[in-house]
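What follows is a set of notes on a single structure, which appears directly below.
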Amino acid sequence: MKQKVIKWGGMVMLVVLITSLLAVFAGSGLVAAVTGIASRTLPAQVYPGQTFQVTVTFTSPDANFNAIGLDESAPGGWTVSVDKTQCSPDADVDNIPNPNEAAYIWFGSYGSGVGFTAVYNVTVPCDAEPGYYGFAGTLEYYIGAVDHKESVGGDSQVEVVREGWAANSGGTNTTSFTTSATVYAAGSFPGSETIDIYVVNASDCSDVINEVPNASIDCGQLSATPVWSDPLTPGTWDLVFDVNKSGSCAGDVVAEFTVTSGPAPAAVGGTAYPVNKLLILLPWIVLGAAITAGIVILERRRRTQS
C-alpha cells in the first residue's frame, strides 16, 4: 500500500513539474503559440478557363520575424503562376512545387507589425465541372529561434458556375434592349462543346421567337453570339440555354431580358423647297453686266482721246 502511494505521488509531482516547465518556456518565448495570423481572399465564383488572383495577407506578430514560408494549394488539375514581385514586401524566393501549388519565402528579419501581402494567379481548367472547389495552405515562420506553423484562414473555396446571360456585342450582361438593337447571348458552360439557345416568350416557353442551334463553346465559354436582331418586339423575353438539347422548355439556364420601344429616329435634313435658279444667279448676272459696262466706257474714252 505504501508503494502505491509513493508511485501515485511521484506521478502527480511529475505532471506538476512538466506543467510548470511548459508555463515557464511559453513565457520565455521558447514554445510556439498558435496565432492564426494569415488570411486568404478568393473570388466567390469563377468560370472555366478563367485566370484569377488569390491573395494571402498577414502581419508580423513580433520583432525578429524571419524565415517566413507560405505554401498554398489550389484544387488538383488547376494551374498556378507565381511572381515574387507581386508580393509586398517582395518575396525573396518564389516556387511552384507542383502545377497547383504556390510557394513564397521571405528571409527577414522584420519588425513587429509589418504587413505582408502574397499574390498568386490560378487558372481554372476548361473542363472544370460546376461545383465548389477547395484551397488550403500553411504559413511557417520563426520569431527569433522559435518555429511557428499554422493553417491559412479566410476564404477556402470557390464555385465554378454554369451561367448564361443576355448581352451586348462585347458579351457584357445586358437586361434591357430597344427595338432597334441586337440581342446577343454569352455565358459559362463547363463541360459542353455546343449548346442550343432559344429566345422565347417569358410567359410561354413554347412560344419560340428565334433559335440558334449548336452555338460553339470554347474552353467552357460562350462568346457573344447574336440571337435576335432588329426589329425586336417590345415585351419581356427569356433566353433559354439548352445544354442537354432537350428543347426550349427544358433548358438548363434561363436569363430574362426586356425590349422597350426606343425613341423615334431623328429626321435627317428639313423641308425641301423648289430651287429658284434666277435668285441664285442674279448677283453674278449683275456683276457681269457691271464689268461689261465698265469695259465699254473705257473703250469709248480711249477712242475719243485718240
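The values are calculated or read from the model by the stated rules, or taken from the named source; none is laboratory data. These numbers were taken from a predicted model, which means no experiment stands behind them. So basically every Cβ, Gly included, is an ideal-geometry build from the backbone, and we count neighbours across all protein chains shown.
Against the definition (in the same structural domain as residue 65 (by TED's automatic domain parsing), in contact with an Asp or Glu (Cβ under 8 Å, 6 or more places away or on another chain), aliphatic (A, V, I, L, M) and closer than 30 Å to residue 188 by Cβ), how does residue 82 come out, yes or no? Taking the combined requirement at face value, the residue satisfies it.
Of the strands (runs of 3 or more DSSP E) entirely within the range 197-259, those holding at least 2 residues that are over 27 Å from the mean Cα position of the chain (by Cα) occupy 204-216, 235-242.
Table: residues versus (1) free of Cβ contacts under 8 Å to residues at least 40 places away in the same chain; (2) on the phi < 0 side of the Ramachandran plot; (3) of a type in the set (D, E, K, R).
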{"residue": "195", "(1), (2), (3)": "no, yes, no"}
{"residue": "198", "(1), (2), (3)": "no, yes, no"}
{"residue": "202", "(1), (2), (3)": "no, yes, no"}
{"residue": "213", "(1), (2), (3)": "yes, yes, no"}
{"residue": "217", "(1), (2), (3)": "yes, yes, no"}
{"residue": "220", "(1), (2), (3)": "no, no, no"}
{"residue": "226", "(1), (2), (3)": "no, yes, no"}
{"residue": "231", "(1), (2), (3)": "no, yes, no"}
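The set of residues from the range 40-51 being assigned to a strand (DSSP E or B), at pLDDT 95 or above and surrounded by 14 or more Cβ atoms within 10 Å (Cβ to Cβ) comprises just one member, 40.
From the list 158, 212, 227, which one is modelled with pLDDT of 90 or more and under 30 Å from residue 138 (Cβ atoms)?
On the way: 212 fails: under 30 Å from residue 138 (Cβ atoms); 227 fails: under 30 Å from residue 138 (Cβ atoms).
Exactly one residue qualifies, and that residue is 158.
Could you please let me know if residue 132 is surrounded by fewer than 14 Cβ atoms within 10 Å (Cβ to Cβ) and either touching a helix residue (DSSP H, G or I) at 6+ places or on another chain (Cβ under 8 Å) or aromatic (Phe, Trp, Tyr) (or both)? For residue 132, the condition - surrounded by fewer than 14 Cβ atoms within 10 Å (Cβ to Cβ) and either touching a helix residue (DSSP H, G or I) at 6+ places or on another chain (Cβ under 8 Å) or aromatic (Phe, Trp, Tyr) (or both) - is met.
Among the residues making up the range 135-151, a single one is aliphatic (A, V, I, L, M), buried (at least 20 other Cβ atoms within 10 Å of the Cβ) and at pLDDT 95 or above: 139.
Examine the range 68-76 for a residue that is at pLDDT 95 or above, within 30 Å of residue 243 (Cα to Cα), among the aliphatic types (A, V, I, L, M) and part of a loop (DSSP other than H, G, I, E, B), and state whether such a residue exists. Yes, the range 68-76 contains at least one residue that is at pLDDT 95 or above, within 30 Å of residue 243 (Cα to Cα), among the aliphatic types (A, V, I, L, M) and part of a loop (DSSP other than H, G, I, E, B).
Scan the range 86-120 residue by residue and report those that are in contact with a helix residue (DSSP H, G or I) (Cβ under 6 Å, 6 or more places away or on another chain), farther than 12 Å from residue 71 by Cβ and either assigned to a strand (DSSP E or B) or of a type in the set (Gly, Ala, Ser) (or both). Of everything in the range 86-120, those that are in contact with a helix residue (DSSP H, G or I) (Cβ under 6 Å, 6 or more places away or on another chain), farther than 12 Å from residue 71 by Cβ and either assigned to a strand (DSSP E or B) or of a type in the set (Gly, Ala, Ser) (or both) turn out to be 91, 119. Tell me yes or no: at least one residue of the range 174-188 is in contact (Cβ under 8 Å) with a residue 24 or more places away in the chain, among the hydroxyl-bearing types (Ser, Thr, Tyr), touching a Lys or Arg at 6+ places or on another chain (Cβ under 8 Å) and assigned by TED's automatic domain parsing to the domain that holds residue 66. The answer is no; no qualifying residue exists. Is the range 94-111 home to any residue that is exposed (fewer than 13 other Cβ atoms within 10 Å of the Cβ), among the small types (Gly, Ala, Ser) and farther than 24 Å from residue 43 by Cβ? Yes, because at least one residue in the range 94-111 is exposed (fewer than 13 other Cβ atoms within 10 Å of the Cβ), among the small types (Gly, Ala, Ser) and farther than 24 Å from residue 43 by Cβ.
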